[in-house]
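Notes follow once the structure below has been shown.
Here, each number is a calculation from the coordinates, and none is a lab measurement. No experiment lies behind these values; they were computed from the predicted model shown.
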Amino acid sequence: MATTIRPEISEKNKYYIDKHRHYELKHFCLQYPNWKREYSSCCDIGPNLSRFEQLYSNGGKSDPTLSWALRREEYSKKIELVEKAAKETDYILYKYILKAVTEGLSYTYLKSVLRIPCSKDTYYNRYRKFFWLLSEMKG
């Protein structure tokens, strides 16, 4: 059974963010695997003309190459944002933090399976710091 982290912490905590903002950022991060997959598929197959022609048009004329490039850039920026926030949170623990926030993993899983090299208190401090940093970066 996974540990549920309370989204609301004391306003006195230096990493305080509103609980609804926390949920917004949490769900944002859980899309990370989809962004990685979509970004890779954009890179592997190039512009899929029929798919992108339907999504974007410019004055009745479509530009599938531009649409493909814009979509790829959007995924890249989102991926980079989440990874940067994780690295700035803790350069040693960032791989664990990134895995936890993008896959919804608990500390128990990180400790028992992935052998995270820190205590529960340290991890949750960094977890909150991650979301606070992400909130600041995302604006």
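Candidate cross-link partners of residue 99 among the aspartates and glutamates, defined by an alpha-carbon separation under 19 Å and a same-chain spacing of 8 or more, comprise 24, 38, 80, 83, 88, 90, 121. Applied to the range 102-112, the Karplus parametrisation 6.51 cos²θ - 1.76 cosθ + 1.60 on θ = phi - 60° returns per-residue 3J(HN,Hα) values of 9, 10, x, 7, 8, 4, 4, 5, 4, 6, 6 Hz, with x for Gly and Pro. Checking the Cα-Cα distances for 78/120; 26/87; 12/138; 12/120; 111/138 against a 26 Å cut-off, the pairs over it are 78/120; 111/138.
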